[in-house]
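Inspection log for the structure reproduced underneath, given as structure tokens.
The values are calculated or read from the model by the stated rules, or taken from the named source; none is laboratory data. The shown structure was predicted, so the numbers you read here are calculated from the model rather than taken from an experiment. Every residue, glycine as well, gets a Cβ built from its backbone with ideal geometry; the counts of neighbours run over all protein chains shown. In case anyone asks, the SASA skips ligands and DNA or RNA and just uses the protein heavy atoms, side chains included. Shrake-Rupley method; radii C 1.70, N 1.55, O 1.52, S 1.80 Å.
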Amino acid sequence: MIRFLILIIFLYVNINANVITPIPQNIQINKEKVNLGKLLFNDTRLSLDNTISCASCHFLDQGGDDNKRVSRGINGLEGEINAPTVLNSVFNFRQFWDGRANSLKEQALGPIENPVEMGNDFNILIPKLKKTDYKRLFNNIYSDGITKNNIADAISEFEKTLITPNSDFDLYLKGDKNAITKIQKEGYAIFKEKGCISCHHGVNIGGNLYSKFGVIVNPNITNLGKFNHTKRDKDKFKFKVPTLRNIEKTAPYLHNGSIDNLSEVIKVMALYQLGRDISSIEIFKIKEFLKSLNAEVQEEVK
């Protein structure tokens with residue numbers, strides 16, 4: 001029955017046009033807020049002990065994550081979740097693996113007060129920032145100066161600019177049929193035929209729905225995913241489907257960082273989520289297709 005439902009979902013997705021769409025070239029932003037947000041994103045003073053910034057866990061030139069199983073915060077404390085990429089996060093329908101934040105702005109508040117990340121308190125942070133040049137910078141943009149809301153607003157405005165258009169696959173979608181190789185085209189066809197596209201579609205090739213981890217095969221995980229904040233039994237083990245953009249650069253994989261190898265995660269997800277056996281040559285071709293999703297952060301967003 002479960003396999004039948006997966007097939008129905010797969011067929012439904014595939015008969016809809018524009019299943020995967022290119023990243024837009026431009027996003028409307030406020031440049032003053034972006035510049036302020038960039039400073040905040042890279043400033044370790046946002047953490048309680050002045051050691052951790054947003055950039056500490058999100059390397060913008062290396063895929064937008066930190067390539068660790070779990071990130072380390074103040075005092076060397078370790079979290080329980082693999083840091084997701086911040087690149088193209090503006091296109092996600094929710095933020096965090098469990099989707100507890102409805103927007104980038106809401107997400108930006110979380111790490112600052114998380115005790116194992118930045119470990120700070122806005123009642124401490126705001127007076128601290130008011131003693132710096134941030135007071136002038138905020139007053140130039142916001143009528144009420146430095147506030148919790150305005151800090152999140154500036155950081156999220158900067159994060160909106162972290163998009164990676166012009167991947168080879170995007171160029172292919174736009175009409176350049178030579179932008180990807182023959183093997184990558186075959187990998188894309190297998191990606192669709194196997195049903196991977198039933199969850200990984202849209203502009204971010206993921207990030208637009210929840211899915212239970214272990215639809216077919218029980219992965220024996222302890223993190224309850226979306227249930228952690230909804231407390232509804234139906235949400236147990238459901239996670240936001242991650243983007244596949246720049247995935248070659250964002251190992252280790254899954255919410256717990258338990259798989260280091262891209263080929264292995266392709267094999268595991270085909271089995272756990274789709275109940276599909278997949279050959280080594282098929283894995284190779286899908287992996288080559290996924291490489292075509294790599295792209296650099298656009299230098300300037302309008």
Taking only the alpha-carbon positions of the range 148-302 and ignoring solvent, what does the Debye formula give for the base-10 log of I(q)/I(0) at q = 0.13, 0.17, 0.20 Å⁻¹? -0.70, -1.09, -1.34
Equivalent ellipsoid dimensions for the range 39-181 as semi-axes, Å, which come from the Cα gyration tensor, largest first: 30, 19, 13
Taking a quarter of the surface of the Cα convex hull of the range 55-121, what do you get in nm²? 4.4 nm²
List, largest first, the extents of the alpha carbons of the range 226-274 along their principal axes, each in whole Å. 33, 21, 18
Taking only protein heavy atoms into account and a 1.4 Å probe, give the accessible area per residue of the chain in Å². 48 Å²
Output ³J(HN,Hα) for the range 134-151: one whole-Hz value per residue in order, computed from phi by the Karplus curve 6.51 cos²θ - 1.76 cosθ + 1.60 with θ = phi - 60°, and x for Gly and Pro. 4, 4, 5, 4, 5, 5, 6, 10, 10, 5, 9, x, 7, 9, 4, 4, 6, 4
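Could you tell me the ratio Rg/Rh of the chain? Both radii from Cα atoms, Rh via Kirkwood.
0.99
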For the range 231-244, Karplus-derived ³J(HN,Hα) couplings (6.51, -1.76, 1.60; θ = phi - 60°; whole Hz; x for glycine and proline) come out as 6, 9, 4, 5, 9, 4, 6, 8, 10, 5, 5, x, 5, 9
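Over all directions, what mean area does the Cα convex hull of the range 150-242 project, stated in square nanometres?
If I average the Cα hull's projected area over directions, I get 8.9 nm².
Given the rule -39500 (n - 2.57) for each run of at least 4 DSSP H residues, summed and divided by the residues of the chain, what is its mean residue ellipticity at 222 nm, to the nearest 500 deg cm²/dmol?
On the way: 11 runs with 113 residues, N = 302.
Calculated mean residue ellipticity at 222 nm is -11000 deg cm²/dmol.
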If you roll a 1.4 Å probe over the chain with all protein chains in place, what percent of the accessible area is carbon or sulfur? 52 percent
I'd like the Karplus ³J(HN,Hα) series for the range 212-220: coefficients 6.51, -1.76, 1.60, θ = phi - 60°, whole numbers in Hz, and an x wherever there's a Gly or Pro. 5, 7, x, 5, 9, 10, 6, x, 6
The long-range amide H neighbours of A101, using H built 1.01 Å from N in the peptide plane and a cut-off of under 5 Å, are Q95
So, by mean Cβ neighbours within 10 angstrom, what's the order for 40-49, 224-233 with the highest one leading? 40-49, 224-233
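From largest accessible area down, sort L254, L39; use a 1.4 Å probe on the protein chains.
The most accessible residue leads, giving L39, L254.
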Largest-first principal axis extents of the Cα set of the range 115-203 (Å): 58, 30, 17
Pairing the Cα long axis of helix 182-194 with the longest principal axis of the chain, what angle in degrees results, from 0 to 90 and rounded to the nearest 10? 80 degrees
